[in-house]
Amino acid sequence: MARPPLGRRVARAVDTVDALMVALVITWGLAFAAIKELGHALDPYQMTWFRYLPFLVLYGLWLPFARRKRFGQVAGGDWPRFALAGALGVIGYHFPLNWGLDATEGGAAVSAGTGAILVATTPLWTLLFAVAMRQERFDAGRALGSAVAFVGVVVVVFLAPVGGAQLTVARKALVVLLAPVCWGMYSIVAKPLVDRYGGLFVTGLTFCLGTLMLLPLGIQYGAAPLRSLTPELWAWLAFVSLLSTVAGYTVWNHALRHRRATEVTIYIYLVPVVATLAGWAVVGEAVSLWFLVGAALVLAGVVQVNRSRRRGQALHAAPAAAEAE
């Protein structure tokens, strides 16, 4: 029997969700450098509003026509969950992250790599919330991985900053930690909605609702902050608005439809690699030895957590398969 062409064999071997998630983490890694650059012209709150305004316009126009029947299927009790997910994903994640990366707030800022490594703790927060809601078990392997990762966070926050602004940067880093906490909560809150209504619909509705919560700020700002943007900054704004946000969250919720929340969030530990390289190449940020030590601990802890999770799932699946036979 003739073997299929090489291209077809490769296509079969590549999982679509995995390929999309790799592209996504590269985009999100570059977004940390983009936020640093945009911080020269936009404050953290303006940046969030203008980043999500295209999302609101595009999805706000598309959803009522393309998903009209789906709106009618939304149960009344799910609307508060949609609103909560939107608030967590838009305001809860971006306000603390943008504020921590902005050097105009307090005279010092968290580096792109540090911000990304703190965000990489998202799987740990997702696990903690899943355990609290009795969706996951907290075994010894996960406990060990969590402990190692949090030691790494302490190193990154308190030892990695250099120069005379260490305390300011450490405080900002602690604020940045609110971003992965909110994103972990978003993953748990959005997962049932994605299962019921589909990733694209959930992406559009949750983040449109979250952006609408920023409308009072948008009315106050008007278009004045955009007048100071250079062509380069316009390009960065388009990147974070269209690629990192519109396309990025669509991919994220698509992945949540086909994978468990903890399986999707394991990809986050790839983001710091891209973000650190982007911070060095684009922003000119230095990388300290303590940062590398802390980053290694965080990533090792996250990997251990997910290895333990996969082993637990395999052990749980084996008896079920035997019973089915």
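The values are calculated or read from the model by the stated rules, or taken from the named source; none is laboratory data. Values in this document were obtained by computation on a predicted structure and should not be read as measured data. For neighbour counting, all protein chains shown are included, and Cβ atoms are generated from backbone atoms with ideal geometry for every residue, glycine included.
Annotations for the structure displayed:
- Qualifying residue in segment 158-167 (condition: of a type outside the set (G, A, S), modelled with pLDDT of 85 or more and on the phi < 0 side of the Ramachandran plot): no
- Long-range neighbours under 7 Å by Cβ, at least six apart or interchain, first residue among the charged types (D, E, K, R) within segment 272-297, second surrounded by 18 or more Cβ atoms within 10 Å (Cβ to Cβ): E285/S111; E285/A112; E285/G113; E285/G279
- Residue within segment 237-246 that is free of Cβ contacts under 8 Å to residues at least 60 places away in the same chain and small (G, A, S) present: yes
- Residue within segment 85-103 that is assigned to a loop (DSSP other than H, G, I, E, B) and closer than 21 Å to I35 by Cβ present: yes
- Number of residues in segment 69-89 that are over 16 Å from C208 (Cα atoms) and crowded, with 17+ Cβ neighbours inside 10 Å: the value is 0.
Conditions (1) at pLDDT 90 or above; (2) crowded, with 20+ Cβ neighbours inside 10 Å; (3) not basic (K, R), marked per residue:
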site	(1), (2), (3)
V176	yes, yes, yes
A179	yes, yes, yes
V189	yes, yes, yes
V194	no, yes, yes
F207	yes, yes, yes
L237	yes, yes, yes
L256	no, yes, yes
L270	no, no, yes
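- Spans of helices (runs of 4 or more DSSP H) in segment 211-308 with at least 1 residues in contact with a Lys or Arg (Cβ under 9 Å, 6 or more places away or on another chain) and either within 30 Å of A143 (Cβ to Cβ) or among the acidic types (D, E) (or both): 248-258, 261-264
- All conditions but one from (1) under 26 Å from W183 (Cα atoms); (2) surrounded by fewer than 16 Cβ atoms within 10 Å (Cβ to Cβ); (3) among the aromatic types (F, W, Y) apply to W252; the one that does not is (2).
- Neighbours by Cβ (under 8 Å, 6+ apart or cross-chain): first from segment 173-192, under 18 Å from G86 (Cβ atoms); second outside any helix (DSSP H, G or I): P180/A120; P180/T121; I188/M133; I188/Q135; K191/R260
- Test: R134 is out of contact with any helix residue (DSSP H, G or I) (no Cβ under 7 Å at 6 or more places or on another chain), among the charged types (D, E, K, R) and within 24 Å of L209 (Cα to Cα): no
- Residue check for F201: in a helix (DSSP H, G or I), buried (at least 21 other Cβ atoms within 10 Å of the Cβ) and either touching a residue at least 24 places away in the same chain (Cβ under 8 Å) or out of contact with any Cys (no Cβ under 6 Å at 6 or more places or on another chain) (or both): yes
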